[in-house]
């Protein structure tokens, strides 16, 4: 409730600023983001489209794509993320969301190609490896998924979710000792991690 009030106050502030400068694309984009956070996707689309009519910016296309994705308009989401990538081929958030939208639409080959491309152009980013791992896991390629999570950990040794996912894969493969090893590593970083603690309990019972 408090967060919603903050969003509404921010929207009011932006609307006041826009009265002084109605063609300010940054303000219009921020207004769209505000409406998106509020859950008003129609108003969010209108505001960001107006921002784009003033200035073509990959960030604006990314935000518009996110609005479409959240409202279930897969085709328009893909189009918007592609527009962002056309303007900036290394815009990682748009590339990642584009890959996710391809996967949702059943175009898994395109999705896989993009997830791999993101890792290639951004090899030191743990989240890129983690997202590729999640894609592989969703497609039941557990061995390759685990390799991606290992790469994520190399980039960021404190990536708790990567430890959990490896532990979960090993648990499903009934490699209980190895699974517990990764659980312990994850709990060293985040002792209160609920899913790791739950998996630890299952492993001790197993």
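Things worth noting here:
- Some residue of segment 170-184 being surrounded by 14 or more Cβ atoms within 10 Å (Cβ to Cβ), under 30 Å from residue 88 (Cα atoms) and modelled with pLDDT of 95 or more: no
Residues checked against (1) in a helix (DSSP H, G or I); (2) crowded, with 16+ Cβ neighbours inside 10 Å; (3) without any contact (Cβ under 8 Å) to a residue 24 or more places away in the chain; (4) in contact with a strand residue (DSSP E or B) (Cβ under 6 Å, 6 or more places away or on another chain):
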{"position": "5", "(1), (2), (3), (4)": "yes, no, yes, no"}
{"position": "10", "(1), (2), (3), (4)": "yes, yes, no, no"}
{"position": "13", "(1), (2), (3), (4)": "yes, no, yes, no"}
{"position": "22", "(1), (2), (3), (4)": "no, no, yes, no"}
{"position": "81", "(1), (2), (3), (4)": "yes, yes, yes, no"}
{"position": "97", "(1), (2), (3), (4)": "yes, yes, no, no"}
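- Consider segment 83-95 and keep the residues that are crowded, with 20+ Cβ neighbours inside 10 Å and either at pLDDT below 95 or within 14 Å of the chain's Cα centre (by Cα) (or both). The one that is nearest to residue 116 (Cα to Cα) is 95.
- If you go through segment 185-196 and keep only what is in contact with a helix residue (DSSP H, G or I) (Cβ under 8 Å, 6 or more places away or on another chain) and either touching a residue at least 24 places away in the same chain (Cβ under 8 Å) or loosely packed, with under 15 Cβ neighbours inside 10 Å (or both), you end up with 186, 189, 190, 193, 195, 196.
- Hey, residue 63 within 13 Å of the chain's Cα centre (by Cα), farther than 28 Å from residue 141 by Cβ and at pLDDT 95 or above or not: yes
- Within segment 101-116, the set of residues being touching a helix residue (DSSP H, G or I) at 6+ places or on another chain (Cβ under 7 Å) and either part of a helix (DSSP H, G or I) or at pLDDT 95 or above (or both) comprises 101, 102, 103, 104, 110, 111, 112, 114, 115, 116.
- Taking helices (runs of 4 or more DSSP H) as the structural unit, those lying wholly within segment 126-206 and holding at least 2 residues that are out of contact with any strand residue (DSSP E or B) (no Cβ under 6 Å at 6 or more places or on another chain) and farther than 28 Å from residue 96 by Cβ correspond to 176-189, 194-205.
- First in segment 100-113 and farther than 15 Å from residue 81 by Cα, second anywhere and surrounded by fewer than 16 Cβ atoms within 10 Å (Cβ to Cβ), Cβ under 9 Å, 6 or more apart: 108/139; 112/139
The values are calculated or read from the model by the stated rules, or taken from the named source; none is laboratory data. Remember, predicted model here, so these are calculated numbers, not experimental data. A quick note on method: Cβ atoms are made from the backbone with ideal geometry, for glycine too, and the neighbour counts reach across all protein chains shown.
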